[in-house]
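See below for the structure under consideration.
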Amino acid sequence: MNKNAPIGIFDSGYGGLTVFEEVQKLLPEYDYLYFGDNARAPYGNRSFDVVYEFTLEAVQFLFDQGCPLVVLACNTASAKALRTIQQQDLPNIAPEKRVLGVIRPSTEEIGFLSKNHHVGVLGTTGTIQSNSYVIELKKFAPDIHVTQHACPMWVPLIENEKHLHPAGIQFIEEDVRAILAKDPLIDTIILACTHYPVIKDKIQEIAGKHINIVSQGPIVAEKLKEYLVVHPEMEEKLTKNGSRTFYSSESSVVFNEKAERFLGYPVASAHHSF
Ligand code: DGL
């Protein structure tokens, strides 16, 4: 059992590292434990029941490692599992612990980012079909015109490092052109999948400089900082030794290699499977 009480960060795969990176940059003193369920990624095309079951297993694992607070750095898990975990599971399994998602913090900010209030949302099939962005945006910015588009190939391409191959680029071009064709007035596109910041430059190049392409990492980091100020009872539980621990359900050799390419520095992970 970990003596630290780290902030747990979960994603189906490597995408959550784009959130982890921003969070630990803004809040470096805390301990962090990242878990990527790489062996079972992608989650994007899976049913509600399966995403919920996998996400709950990951949350339970992070709780068992001593995390008082877990961030689901995955839109698909946030869309399909977060509410059930918060409302049904937490009161039974760990009433004093907390699980946060990435959709609400993002939708709180989007209204401030678009000038003409025409916003595009790119995500996995699961996130787009859940309509979570449309529902949440209506609460925070009811005058926003939202256009969604699912990009089912992007996560598999990124997980397999094929996103910059010509065939990968073709999928990215098709999807970016498709959302802009649905609403040519879009001035802001939210990357509603934590894997997508890896191809942000390519998306920007295809969309054009006049469109604001928004990654969630910095937004989630700021919102987590605010959360810890408003919740001192949680903040006090978190240990602050600056440690970074990584677990993956894939082989640690494979995870280390790919995570290093995401983060730009060496990673030594441990293996955990269910
Ligand atoms: N990074 C996850 C998300 O934000 C990817 C989901 C998947 O595994 O398809 O949605």
Are there trypsin sites (Lys or Arg not before Pro) in segment 82-152 that DSSP marks as loop and that have at most 14 other Cβ atoms within 10 Å, and which are they?
-> Lys115
Identify which of Thr127, Thr84, Thr76 has the largest mean-square fluctuation in a Gaussian network model of the chain, with springs joining Cα atoms closer than 10 Å.
-> Thr84
Over the chain, average the accessible area per residue using a 1.4 Å probe and give it in Å², no decimals.
-> 43 Å²
Measuring from centroid to centroid over Cα atoms, what is the spacing of segment 15-34 and segment 100-169 in Å?
-> 21 Å
Evaluate 2.2 N^0.38 Å with N set to the residue count of the chain, then give the Cα radius of gyration divided by it.
-> 0.96
Once you mark the GluC sites (Glu not before Pro) that are in a DSSP loop and have at most 15 other Cβ atoms within 10 Å, what is the longest gap between them in the chain?
-> 162-235
Listed pairs Lys97/Lys237; Lys80/Lys225; Lys115/Lys209; Lys223/Lys258 exceeding 18 Å between Cα atoms = Lys80/Lys225; Lys223/Lys258
Of the accessible area of the chain, computed with a 1.4 Å probe and all protein chains kept, carbon and sulfur make up a percent value of 53 percent
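The values are calculated or read from the model by the stated rules, or taken from the named source; none is laboratory data. Note that this is a predicted model, so its numbers are computed, not measured. Here the Cβ is made from the backbone with ideal geometry for all residues, glycine too, and neighbour counts use every protein chain on show. Accessible surface is based on the protein model in full, side chains and every heavy atom, while ligands, DNA and RNA are left aside. Shrake-Rupley method; radii C 1.70, N 1.55, O 1.52, S 1.80 Å.
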